[in-house]
Amino acid sequence: MSTDIVAECLRLRRWAFSLCTRAVTAHDAINAMPNVSLDAWAFFLAAETCPRSLSARLGAAASALPTGARDVLQRAALAELQRVMAARAQLVVIDSLAERLGVEPVVLKGGVHAGDGGEAFDLGDLDVLLPHAEVAAFGRALVEQAGYVLEPQFGQFKLTGSLTVEVHDGLEVGYGVDVVGGMESQPLRGFRRLRRLSPAAHVAYCIQHTTTKHPLRRGHLRDLLLVADALDDCSPSELDAVERALNSAASHELYAATFAVAHAMTMHGPTSARASDPFMRIAAGKYAMALWFPKGSPASFPLLLDHIPHFFASPGDAWRLISGYLRTGVEEASRWNFSFASRLSPRFAVVLGAAVRTPYRLVALGYAGAVGMRIRMNYVVRWRGM
């Protein structure tokens, strides 16, 4: 697969972005569709995970797509629908377990949209939030009553043929960054015991998660569309609350850009032919990373992937986020990866974590810097004009 696929994907992104922000009609989008390879179509849809949304916005006009592109889009949209239906079925099981235990899990992020009967989006796992005192009993119920298998090093519960379930005892976005927006929750429509964050808190958390927790997903079309759908649930006063919460955060300029683009994608928001995509450089990095370091590759170095954007797209917050990661990562790692030492002495576990993890992180950050500079040079020389 040629590295020119990054350039092709950037052309597809510019086209899809205009369609998602309604800067073009579905008919005009067909006429403006870039001439790219089918490999680029498949690669782009895998990177942005938004085939159902693109199909919905094209509507009947999708039949006018070239046969190969139409088939790739339809297959990807069908696979996405299957994951959404699997998620809905799992939420029914989780709701039943919660009723037996008398607990009220809060469903987070994409799971909210999979379960609330509105527009649903592709998702790779289900995240639920419970008070710390209820996590252990709920985890046992997933294993003993629903057949899940616990992977303790990741805090995940897996079931063959189903999405992974992650059980959290608090909200976090990593790198030592504070979560804004609060934890107020309300019932999730259609379920007896499941809850969701309030509309304003849900929007704020989704924006922080996609921009801070996963820097390579800044501007991810699926995440922007998810936030847009969440904004449609907000009243004018809740929209004001979201903006105030995000403006109070250290990365407020990045959050504001994400909020503005998502608002341009909302059902009731402004339709603007002037909407511009502030995330093209991040998208180029994301495509390059997926191309150069495919999932499962020995060279993928999973630890560094989320650091790389700071070296080519976000110099303003790079040091704060990276130093926060180094500061908090050792202690977090000691809880999961050095649990045997924690049983002997929590302080010993932290020291062991520092001795083992810090050099590894420093090497990874150096490698991230080298890869990030390569991406930056490619963007300046080859990809910027796409």
Next item on the list: For the range 65-75, enumerate the residues that are under 19 Å from residue 121 (Cβ atoms) and either surrounded by fewer than 13 Cβ atoms within 10 Å (Cβ to Cβ) or charged (D, E, K, R) (or both).
Entry: 75
Check: List, please: which pairs have Cβ atoms under 7 Å, are six or more places apart or on different chains, and start with a residue in the range 7-36 that is within 13 Å of residue 221 (Cβ to Cβ) and among the aromatic types (Phe, Trp, Tyr) and end with one that is open to solvent by less than 30 Å² (accessible area, probe 1.4 Å) and assigned to a helix (DSSP H, G or I)?
Finding: 15/29
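For the range 104-122, which positions are open to solvent by less than 10 Å² (accessible area, probe 1.4 Å) and out of contact with any Ser or Thr (no Cβ under 8 Å at 6 or more places or on another chain)? Before you say what the answer is, go through the steps one by one.
Within the range 104-122, the subset open to solvent by less than 10 Å² (accessible area, probe 1.4 Å) is 105, 107-108, 110-114, 120-121.
Of everything in the range 104-122, those that are open to solvent by less than 10 Å² (accessible area, probe 1.4 Å) and out of contact with any Ser or Thr (no Cβ under 8 Å at 6 or more places or on another chain) turn out to be 105, 107, 108, 110, 111, 112, 113, 114, 120.
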Notebook entry, point to check: For residue 114, are the conditions met, namely being at pLDDT below 95 and within 24 Å of the chain's Cα centre (by Cα)?
Noted result: yes
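Table: residues versus (1) touching a residue at least 60 places away in the same chain (Cβ under 8 Å); (2) surrounded by fewer than 18 Cβ atoms within 10 Å (Cβ to Cβ).
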residue: 127; (1), (2): no, no
residue: 143; (1), (2): no, yes
residue: 163; (1), (2): yes, no
residue: 182; (1), (2): yes, yes
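Is it the case that some residue within the range 128-141 is hydrophobic (A, V, I, L, M, F, W, C), under 26 Å from residue 49 (Cβ atoms), modelled with pLDDT of 95 or more and under 20 Å from the mean Cα position of the chain (by Cα)? Don't jump to the end; show me each part of the working.
We begin by selecting, within the range 128-141, every residue hydrophobic (A, V, I, L, M, F, W, C); these are 128-130, 133, 135-138, 141.
Next, from what is left, pick out any that are under 26 Å from residue 49 (Cβ atoms): 128-129.
Still in the running and modelled with pLDDT of 95 or more: 128-129.
This time we only want the ones that are under 20 Å from the mean Cα position of the chain (by Cα), so: 128-129.
Taking every residue of the range 128-141 in turn, at least one turns out to be hydrophobic (A, V, I, L, M, F, W, C), under 26 Å from residue 49 (Cβ atoms), modelled with pLDDT of 95 or more and under 20 Å from the mean Cα position of the chain (by Cα).
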Notebook entry, point to check: Does residue 16 meet the test of being surrounded by 14 or more Cβ atoms within 10 Å (Cβ to Cβ) and touching a Phe, Trp or Tyr at 6+ places or on another chain (Cβ under 7 Å)?
Noted result: no
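Being part of a strand (DSSP E or B) and within 22 Å of the chain's Cα centre (by Cα) is the filter here, so list the residues in the range 174-201 that pass it.
So the first thing to find is which residues in the range 174-201 are part of a strand (DSSP E or B), and the list is 185-187, 195-197.
Within the range 174-201, 185, 195, 196, 197 meet the criteria.
On the given criteria, is residue 155 surrounded by 13 or more Cβ atoms within 10 Å (Cβ to Cβ), closer than 25 Å to residue 307 by Cα, small (Gly, Ala, Ser) and in contact with a strand residue (DSSP E or B) (Cβ under 9 Å, 6 or more places away or on another chain)? Break it down stepwise before answering.
Numbers: surrounded by 13 or more Cβ atoms within 10 Å (Cβ to Cβ): yes; closer than 25 Å to residue 307 by Cα: yes; small (Gly, Ala, Ser): yes; in contact with a strand residue (DSSP E or B) (Cβ under 9 Å, 6 or more places away or on another chain): yes.
For residue 155, the condition - surrounded by 13 or more Cβ atoms within 10 Å (Cβ to Cβ), closer than 25 Å to residue 307 by Cα, small (Gly, Ala, Ser) and in contact with a strand residue (DSSP E or B) (Cβ under 9 Å, 6 or more places away or on another chain) - is met.
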Check: Under 7 Å by Cβ, and 6 or more places apart or on different chains, what pairs join a residue from the range 344-358 that is hydroxyl-bearing (Ser, Thr, Tyr) and modelled with pLDDT of 70 or more with one that is assigned to a helix (DSSP H, G or I) and buried (at least 18 other Cβ atoms within 10 Å of the Cβ)?
Finding: 358/330
Check: Any idea which residue in the range 192-203 is farthest from residue 177 (Cα to Cα), counting only those that are open to solvent by less than 30 Å² (accessible area, probe 1.4 Å) and of a type outside the set (Ser, Thr, Tyr)?
Finding: 194
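What is the residue count in the range 348-377 for residues that are among the aliphatic types (A, V, I, L, M), out of contact with any helix residue (DSSP H, G or I) (no Cβ under 6 Å at 6 or more places or on another chain) and closer than 27 Å to residue 291 by Cα?
First, the residues of the range 348-377 that are among the aliphatic types (A, V, I, L, M): 349-352, 354-356, 362-365, 368, 370-371, 373, 375, 377.
Checking which are out of contact with any helix residue (DSSP H, G or I) (no Cβ under 6 Å at 6 or more places or on another chain) leaves us with 351, 355-356, 362-363, 365, 370-371, 373, 377.
Right, trim to closer than 27 Å to residue 291 by Cα and you get 362-363, 365, 370-371, 373, 377.
Count: 7.
When you scan the range 204-295 for helices (runs of 4 or more DSSP H) that lie fully inside it, which ones turn up with 2 or more residues that are farther than 20 Å from residue 29 by Cβ, open to solvent by 40 Å² or more (accessible area, probe 1.4 Å) and touching a helix residue (DSSP H, G or I) at 6+ places or on another chain (Cβ under 8 Å)?
Numbers: elements: 221-231, 236-247, 252-265, 280-292.
Hits in the range 204-295: 236-247, 252-265, 280-292.
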Next item on the list: For the range 84-104, state whether one or more residues are in contact with a strand residue (DSSP E or B) (Cβ under 6 Å, 6 or more places away or on another chain) and in a strand (DSSP E or B).
Entry: no
Next item on the list: Assess whether residue 319 counts as being open to solvent by 70 Å² or more (accessible area, probe 1.4 Å), of a type outside the set (Asp, Glu) and modelled with pLDDT under 70.
Entry: no
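Name every residue in the range 38-83 that is among the β-branched types (Val, Ile, Thr), modelled with pLDDT of 95 or more and not in a loop (DSSP other than H, G, I, E, B), in order of residue number. Write out each step before concluding.
From the range 38-83, those among the β-branched types (Val, Ile, Thr) are 49, 67, 72; that's our starting set.
Filter again for modelled with pLDDT of 95 or more, leaving 49, 72.
Result: 72, single match.
Residue-by-condition table, conditions (1) exposed (fewer than 14 other Cβ atoms within 10 Å of the Cβ); (2) β-branched (Val, Ile, Thr); (3) closer than 30 Å to residue 196 by Cα:
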| position | (1), (2), (3) |
| --- | --- |
| 36 | no, yes, no |
| 49 | no, yes, yes |
| 63 | yes, no, no |
| 77 | no, no, yes |
| 83 | no, no, yes |
| 91 | no, no, yes |
| 102 | yes, no, yes |
Check: All but one of (1) at negative phi; (2) part of a helix (DSSP H, G or I) hold for residue 23; which doesn't?
Finding: (2)
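The values are calculated or read from the model by the stated rules, or taken from the named source; none is laboratory data. Worth saying up front: this structure is predicted, and the values here are computed from it rather than measured. Backbone-built Cβ (ideal geometry, glycine too); neighbour counts: all protein chains shown. We work out accessible area using only protein heavy atoms, side chains counted, and drop any ligands, DNA or RNA first. Shrake-Rupley method; radii C 1.70, N 1.55, O 1.52, S 1.80 Å.
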